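What follows is calculated from the coordinates using simple rules that are stated; it is not laboratory data. Because the structure is predicted, anything quoted here is derived from the model rather than measured. Cβ atoms come from the backbone with ideal geometry, glycine included; neighbour counts cover every protein chain shown.
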Amino acid sequence: MRPVAIHQFVPVLAVRDAVGAHTLQVQTVLQEMGFRSEIFVAESSAELADRVHPFRSYPGRGDETSRTWLLYQCSIGNLMADFLAERQEPKLLNYHNLTPAHLLEGWDPGAVHAVTVGRYQLLQLAPGIKAAIAMSRFSELELMDAGYRSTAVVPPLLDIQSLEHEADPAALDHLRADRERGGADLLFVGRISPSKGQHDLVKALAAYRRTYDQRARLRLVGGTSSPAYREALGRFVADLGLEDAVDFAGSVTPRELVAYYVTADVFACCSDHEGFGIPLLEAMHYRVPVVAYGAAAVPETIGGGGLVIPTKSPSYVATALHRIVTDQALRQTLVSAGQARLTELEPARVRARFAGAIETLVSAG
């Protein structure tokens, strides 16, 4: 019998966060499908407090029935997974992927513990999950290896309107002033973490400046999730004499982020792990050509919308970046390819895929 309610459980619901944005979009889709759907959290941003409920308050809302299903947004180890494992309602899992612990070891013991617990919980939850939706085929294979019996692949639900901001004037003036002094602007957006490979981008910048352009700059936009790695990265930059060439922008506002995108020559990614790389699509949206190391779900995310490279060798990355910066025909080809990729991931189309997957999975359950 078709459920009447599908409630979501997400450990942290935060603004300007890929998991949070996806969760809010999913709620809209579920409600449009006719399901009652509320969001239960362990933590949330203050701005979203009126949209959520503490997860331990469930089911004290008077709607616990055999026709209520629970949907877990899985991205990190947490107590919520243990809570859900004990529930008797039919359960679905939406898998955002977990960073492999070995990519964090030696830098962030807390994160190593969280992802290790998360993988253990992923295994423990499998017998009680009716079906799971993965963001990529890469993630679906992990679910299958973990024992999940019924799976589907649907990319994350993007809120394209959230990208439609005017660039911050002060940030735009600052970035344009740098451009007027010459030199290519290389951009990466993502939290400062060893798994994101910012150190490889610094190596590529050093090779780029030595071989092609002594005034090239690297912009690293994103907060820090690993202070030890951020400190070591800063020392590495100093040892290479690149203090004036690497911009640690930190966390920025949406309007400041637009300024970084619209002034970039190329978006460069050397990440070792992505369950699905949203900034790659943001770069395409702002018509910035993309070059990325082909790890994990990065090739799937890019599709045909950018240049996927097989190695992070600094000279190889530098050569690819230089070709994109200087070859106008190639730049336009990549920009056009990025626009075509975004058409494939158009929000209404992906929401329809998600709704179809949910309908199929709950009907089979």
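Across all Cα pairs in the range 11-163, the calculated P(r) in 10 Å bins from zero up to the longest distance comes to 10, 39, 40, 11, 1 percent per bin.
Remark: the range 344-358, residue by residue, has Karplus-estimated 3J(HN,Hα) of 5, 9, 3, x, 5, 5, 6, 4, 5, 4, 5, 4, x, 5, 4 Hz, where x stands for each Gly or Pro and the curve is 6.51 cos²θ - 1.76 cosθ + 1.60 at θ = phi - 60°.
Here is the list for the range 57-137: GluC sites (Glu not before Pro) lying in DSSP coil, each with at most 11 other C-beta atoms within 10 angstrom of its C-beta, are GLU86.
Backbone amide hydrogens, once placed in the peptide plane, bring PHE40 within less than 5 Å of GLN8, PHE9, VAL10, HIS53, excluding anything fewer than 5 places away on its chain. Once backbone amide H atoms are built at 1.01 Å from N, ALA14 has GLY20, SER45 as its partners under 5 Å, excluding neighbours fewer than 5 places away on the same chain. The overall shape of the chain, judged from the alpha-carbon gyration tensor, is prolate: a/c is not under 1.5, and a/b is greater than b/c. The stretch between HIS53 and ALA355, if pulled fully straight at 0.36 nm per residue, gains 106.4 nm over its current Cα-Cα span.
In terms of the mean number of neighbouring beta-carbon atoms within 10 Å, the peptides 317-326, 116-125 order highest first as 317-326, 116-125. Put a plus charge on the Cβ of each Lys and Arg, a minus charge on the Cβ of each Asp and Glu, and nothing anywhere else: the dipole of the range 1-100 about its Cα centre is then about 220 debye. Straight-distance candidates among the lysines for linking to LYS130, with alpha-carbon spacing under 17 Å and chain neighbours fewer than 8 residues away dropped: LYS91. Phi angles across the range 270-277 convert, under the Karplus curve 6.51 cos²θ - 1.76 cosθ + 1.60 with θ = phi - 60°, into 3J(HN,Hα) values of 10, 5, 8, 7, 9, x, 5, x Hz, Gly and Pro given as x. Both radii are taken from the alpha-carbon atoms of the range 210-305; with Rh as the Kirkwood radius, Rg/Rh is 0.96. Cα gyration tensor of the range 161-344, axes a ≥ b ≥ c as square roots of the eigenvalues: rounded (a/c below 1.5), prolate (a/b > b/c) or oblate? Rounded is the answer for the range 161-344, as its axis ratio a/c remains below 1.5. Think of each Lys and Arg Cβ as +1 and each Asp and Glu Cβ as -1; about the Cα centre, that makes the dipole of the range 161-344 roughly 400 debye.
Using the Karplus relation 6.51 cos²θ - 1.76 cosθ + 1.60 with θ = phi - 60°, the per-residue 3J(HN,Hα) values for the range 177-193 come to 4, 4, 5, 5, 7, x, x, 6, 10, 9, 10, 9, 10, x, 4, 6, 7 Hz, with x marking Gly and Pro. Evaluate the range 260-365: find the radius of gyration of its Cα atoms, find its Kirkwood radius, and give the ratio Rg to Rh. Over the Cα atoms of the range 260-365, Rg/Rh equals 1.07. Think of the chain as having a plus end and a minus end, set by charges on the Cβ of Lys, Arg, Asp and Glu; of GLN8, SER271, ALA320, ALA320 sits farthest toward the positive end of this dipole. Annotation note: chymotrypsin sites (Phe, Trp or Tyr not before Pro) in the range 1-52 located in DSSP loop regions with a Cβ neighbour count of at most 10 within 10 Å are absent. Fewest neighbouring Cβ atoms within 10 Å first, the residues TRP69, TRP107 line up as TRP107, TRP69. Peptide packing for 340-351, 19-30 was compared via the average number of neighbouring C-beta atoms within 10 Å per residue; ordered from the highest value, the list is 19-30, 340-351. For VAL153, nonlocal amide neighbours, meaning residues 5 or more places apart or on other chains whose placed amide H falls under 5 Å from its own, are ALA134. If only the Cβ of Lys and Arg carry +1 and only the Cβ of Asp and Glu carry -1, the dipole of the chain around its Cα centre is close to 560 debye.
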